[in-house]
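Enquirer: There's a structure below that I have some questions on.
The values are calculated or read from the model by the stated rules, or taken from the named source; none is laboratory data. Everything numeric in this text was worked out from a predicted model, so none of it was measured. Here Cβ is always computed from backbone atoms with ideal geometry, including for glycine, and neighbour counts include all displayed protein chains. We work out accessible area using only protein heavy atoms, side chains counted, and drop any ligands, DNA or RNA first. Shrake-Rupley method; radii C 1.70, N 1.55, O 1.52, S 1.80 Å.
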Amino acid sequence: FKTVSDTDQIYHYNHGVYLNDGEKVLKALIEAEFGSITSESLVRDVIGKVRRRTYTDRTQFNNKKVLNIKNGLLDLDNLKILPHTPDYISTAQLDVHYNPEAEAPRIKKFIWDVIKPEDILLIEEILGWLLWPDYHVHKAIMLLGKGRNGKGTLLRLITAFIGKENVSSVTLQDLTGDRFSMSDLFGKMANIGGDLPSRDLSDTAKFR
């Protein structure tokens with residue numbers, strides 16, 4: 001278990017990744033262990049003790065050049081697979097097995113059908129940015145174009161590649177106007193939205 005020190009959210013390590021279901025898992029473990037003598041106060045006390053003993057600074061999460069995938073931890077510096085370990089606090093795992101020889105002819109055809117040839121390398125680079133843990137690029141991407149031209153399909157394709165559980169969908173307006181919305185981004189690999197609402201942006205400082 002690991003607890004984010006500034007939010008008290010408890011994460012639980014399971015099959016190579018830390019999931020934000022720690023409190024739920026603890027409740028089930030306490031019930032299984034103590035059965036009929038379980039009480040609300042006992043549950044609160046145990047969860048509180050676990051929380052206090054596992055506080056971890058937010059900067060310790062996802063802080064290496066490593067991509068968490070099903071068959072291990074892919075070192076992005078040398079593309080070597082390392083074994084999963086709870087010592088690396090990763091909150092996102094792609095549901096894929098790394099295979100440097102893999103091909104994707106249908107996806108390539110779709111990209112060539114809907115994107116201008118001079119923009120294809122940029123789209124591929126954007127996909128690479130999303131896989132980089134610290135996202136040092138500091139860029140936001142907006143797709144422009146009329147309806148039914150492949151924008152939505154491309155976004156769904158990216159979401160399927162990364163995994164729905166690794167994607168948030170906070171709108172630009174909520175991000176700038178709702179002070180709690182940024183917490184939904186923690187541990188996610190991408191924030192993807194469809195059509196932007198027509199509401200004005202009240203303040204862009206938080207977005208920047």
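Enquirer: How many residues are open to solvent by less than 60 Å² (accessible area, probe 1.4 Å) and in a loop (DSSP other than H, G, I, E, B) if we restrict to the range 87-101?
Expert: First, the residues of the range 87-101 that are open to solvent by less than 60 Å² (accessible area, probe 1.4 Å): 88-94, 96.
Keeping just the survivors that are in a loop (DSSP other than H, G, I, E, B) gives 88-93, 96.
Total meeting the criteria: 7.
Enquirer: Among the numbered criteria (1) of a type in the set (D, E, K, R); (2) assigned to a loop (DSSP other than H, G, I, E, B); (3) more than 23 Å from TYR88 (Cα to Cα), which single criterion is violated by GLU31?
Expert: If we test GLU31 against (1) of a type in the set (D, E, K, R); (2) assigned to a loop (DSSP other than H, G, I, E, B); (3) more than 23 Å from TYR88 (Cα to Cα), just (2) comes out false.
Enquirer: Could you list, in sequence order, the residues of the range 120-154 that are at positive phi, more than 20 Å from the chain's Cα centre (by Cα) and free of Cβ contacts under 8 Å to residues at least 12 places away in the same chain? Don't jump to the end; show me each part of the working.
Expert: We begin by selecting, within the range 120-154, every residue at positive phi; these are 135, 138, 145, 148, 150.
From what's left, more than 20 Å from the chain's Cα centre (by Cα): 145, 148, 150.
Correct list: GLY145, ARG148.
Enquirer: Only one of (1) open to solvent by 40 Å² or more (accessible area, probe 1.4 Å); (2) over 21 Å from PHE61 (Cβ atoms) fails for MET182. Which number is that?
Expert: Result: MET182 fails condition (2) only.
Enquirer: Is there a residue being of a type in the set (S, T, N, Q), at pLDDT 80 or above and either closer than 23 Å to LEU79 by Cα or surrounded by 15 or more Cβ atoms within 10 Å (Cβ to Cβ) (or both) anywhere in the range 138-149? Can you show your working first?
Expert: Start the filter on the range 138-149 by keeping residues that are of a type in the set (S, T, N, Q), which leaves 149.
This time we only want the ones that are at pLDDT 80 or above, so: 149.
Those left that are additionally either closer than 23 Å to LEU79 by Cα or surrounded by 15 or more Cβ atoms within 10 Å (Cβ to Cβ) (or both): none.
Checked against the condition, which is being of a type in the set (S, T, N, Q), at pLDDT 80 or above and either closer than 23 Å to LEU79 by Cα or surrounded by 15 or more Cβ atoms within 10 Å (Cβ to Cβ) (or both), the range 138-149 yields no hits at all.
Enquirer: Can you tell me which residue within the range 151-208, out of those that are among the small types (Gly, Ala, Ser) and part of a helix (DSSP H, G or I), is modelled with the lowest pLDDT? Give the steps one after another, and end with the answer.
Expert: Looking only at the range 151-208, we keep the residues that are among the small types (Gly, Ala, Ser), and these are 152, 160, 163, 168-169, 177, 181, 183, 187, 190, 193-194, 198, 202, 205.
Those left that are additionally part of a helix (DSSP H, G or I): 152, 160, 177, 181, 183.
On the way: GLY152: 89, ALA160: 91, GLY177: 75, SER181: 79, SER183: 79.
Ranking the candidates gives GLY177 first.
Enquirer: Sticking with this structure for a sec: Among (1) open to solvent by less than 60 Å² (accessible area, probe 1.4 Å); (2) in contact with a Ser or Thr (Cβ under 7 Å, 6 or more places away or on another chain), which single condition is VAL114 missing?
Expert: (2)
Enquirer: To continue, here is another question. Would you please name the residue that is least open to solvent (accessible area, probe 1.4 Å), looking only at residues in the range 1-39 that are out of contact with any Phe, Trp or Tyr (no Cβ under 8 Å at 6 or more places or on another chain) and among the small types (Gly, Ala, Ser)?
Expert: Going through the qualifying residues, I end up with GLY16.
Enquirer: Could you check the range 36-77 and list, in sequence order, the residues that are in a strand (DSSP E or B), under 16 Å from LEU131 (Cα atoms) and touching a residue at least 12 places away in the same chain (Cβ under 8 Å)? It would help to see each step written out before you state the result.
Expert: Restricting attention to the range 36-77, the residues satisfying the condition of being in a strand (DSSP E or B) are 55-56, 66-69, 72-75.
Now narrow it down to the ones that are under 16 Å from LEU131 (Cα atoms): 66-69, 72-75.
Selection gives VAL66, LEU67, ASN68, ILE69, GLY72, LEU73, LEU74.
Enquirer: Does the range 50-58 contain any residue that is surrounded by 10 or more Cβ atoms within 10 Å (Cβ to Cβ), over 23 Å from LYS164 (Cα atoms) and among the polar types (S, T, N, Q)?
Expert: Step one: of the range 50-58, the residues surrounded by 10 or more Cβ atoms within 10 Å (Cβ to Cβ) are 50-52, 54-58.
Restricting the remaining residues to those that are over 23 Å from LYS164 (Cα atoms) gives 50-52, 54-57.
Then drop every residue that is not among the polar types (S, T, N, Q), which leaves 54, 56.
The answer is yes, given that some residue of the range 50-58 is surrounded by 10 or more Cβ atoms within 10 Å (Cβ to Cβ), over 23 Å from LYS164 (Cα atoms) and among the polar types (S, T, N, Q).
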